[in-house]
Amino acid sequence: MPDDSISRRSFVNEAAATSLAFTIVPSNVLGRRHVPPSDKLNVACIGVGGMGASDVRGMGAIENIYALCDVDWRNAQESFTNFPRAKKYKDYREMLDKEARNIDAVTVTTPDHSHAMATMLALKAGKHVYTQKPLTRTIWEARTVAQEAARRPKQATQMGNQGHANEGTRQIREWVEAGAIGTVRSVELWTNRPIWPQGLLRPTEMHHVPSTLEWDLWLGPAAPRPYHPAYAPFAWRGWWDFGSGALGDMACHIMDAAFWTLQLRYPTRVTAETSQQFAETAPKASRITYEFPAAGSRPPVTVVWRDGNLVPPRPGDWNADRVWPFDSSGQLWIGDSGTLVAGTYGENPRLSDDKKHAELIANPPAQKYPRTKGVYAEWAEAIRGGTQPGSNFSGHAGPLTEMVLLGNLALKLGRVDLNPATGAFGTAVPDEFIRPQYREGWKL
């Protein structure tokens, strides 16, 4: 399948955010750390261009890339060149059918509309699965995939929100739980996405399908429509039939620390304010407010998401003489005794107040949450150890994706009310907004 990025510039930061250095080592260069091929996992990769190429490199640095699948072999060329011995496919259904006995694990890095389908097929084939964020395009798919994964505890699953495996996110939780900024009552999140066209009408011009692209396979379960470069390979994220907009692209990264640290689940209400709305695409900019009820000893929390270069005010305890490094994206935690800021993936967290931050670094709280060697190594270690990574489908990634997608539902409806205990909607929601209608020949 095609890559899960809009261009090389949009995935380079995600690759850099992992703690794993990607080095392709020739098979004849054996060192003391060499792992015999027989001890490596056989990994099949679905979607191997763009961000997919990054996932291929990440797994190829530590395991054996057995098969590569992409509907556009021109976009896949980098991965084909780096792993020339890997078997090549265009249809992941054919690959899983023919190679199931030879594959241990599968990565899925396709456009969002194919995530659920490819992920479920791999799970039902008995494979360990790594799927890029968001886990799925719709709420029903997120619940379905999470439920299927829960029935298969011996299969290690991991979503590609790599910040969850890194140091910064763990530091944030340890600092907040240690009371570094007091009781947290609100979190502000923002991104410069979209950096692709959205907030527009469906194009009407006719285009020839590129000779290297299997357009029908690219569409997968989505309703048929003529090929247009407004969809593939660059800008599919903004189209509701294929992607989930700026929120789907970035919130599984930027919301992750708050979701995990504050143990968020269903909100009572999600309200959206947006630029001009279009039926088939996400808006150019939005502000979405999630209201969460109190839970246990935690008071009610408000989480505010902004995209389209909308940003919150800088915290009052930030030194005005210090450079503000979070213009494009970031997170701001507001407690009753201070604020905390961090980057997209939870990287470089710090207290806004210089003196308090220096004291925290000098006397940090004890490490409560184990550190990993990065998102790919964490998944591989879980496969071998019979455990689950942190962002596994049933325990974390599915519920996080569902929370994110509630924001998209609010974009379409203006406001969504829920029963926070059950997730039942108190707002009338059209079924097509929650559960996709797959075209004939495709079934989840």
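Listing for the model above:
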quantity: Dipole in debye (nearest 20) - the chain, about Cα centre, beta carbon charges: Lys, Arg +1; Asp, Glu -1; calculated: 720
quantity: Alpha carbon centroid spacing (whole Å) that separates segment 192-265 from segment 363-386; calculated: 31
quantity: Theoretical ellipticity at 222 nm over the chain - DSSP helices of four or more residues, -39500 (n - 2.57) apiece, nearest 500; calculated: -8000 deg cm²/dmol
quantity: Cβ-defined net charge surrounding Pro349, 11 Å radius [Lys, Arg +1; Asp, Glu -1]; calculated: 0
quantity: Among 252-263, 352-363, 105-116, the order from most to least packed when residues are scored by Cβ within 10 Å on average; calculated: 105-116, 252-263, 352-363
quantity: Kyte-Doolittle mean at least 0.5 and Cα axial length at least 20 Å: DSSP H helices in the chain; calculated: 398-413
quantity: Per-peptide average of other Cβ atoms within 10 Å, ordering 301-308, 319-326 highest first; calculated: 301-308, 319-326
quantity: Reach of Lys373 by Cα under 14 Å, taken over aspartates and glutamates that are not fewer than 8 positions away in the same chain; calculated: Glu167, Glu381
quantity: Read-out Rg and Dmax of the Cα atoms in Å, derived from the coordinates shown; its label in (1) 46.4, 155; (2) 52.1, 166; (3) 21.3, 63; calculated: (3)
quantity: Where labels lie 7 Å past Cα in the beta-carbon direction, separation of Thr183 and Val209 in nm; calculated: 5.9
quantity: Charge dipole magnitude, Cβ of K and R +1, D and E -1 - segment 282-321, Cα centre, debye nearest 20; calculated: 160
quantity: For segment 137-210, alpha-carbon Rg and Dmax in angstrom; calculated: 20.2, 59
quantity: Ordering of 146-157, 91-102 by burial proxy (mean other Cβ atoms within 10 Å per residue, highest first); calculated: 146-157, 91-102
quantity: Whole-number Å³ per residue for the convex hull built on Cα positions in segment 291-390; calculated: 179
quantity: Lysines whose Cα lies under 26 Å from that of Lys443, excluding same-chain neighbours fewer than 8 positions away; calculated: Lys87, Lys88, Lys90, Lys98, Lys124, Lys127, Lys133, Lys154, Lys412
quantity: Percent RCO, i.e. relative contact order, over the chain, from Cα pairs under 8 Å lying at least 6 residues apart; calculated: 21
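Bear in mind that the values in this text are calculations on the coordinates, not laboratory data. The structure presented is a predicted model; accordingly, all values stated were derived computationally and were not measured. All Cβ positions, even for glycine, are placed from backbone atoms using ideal geometry, and neighbour counts span all protein chains on display.
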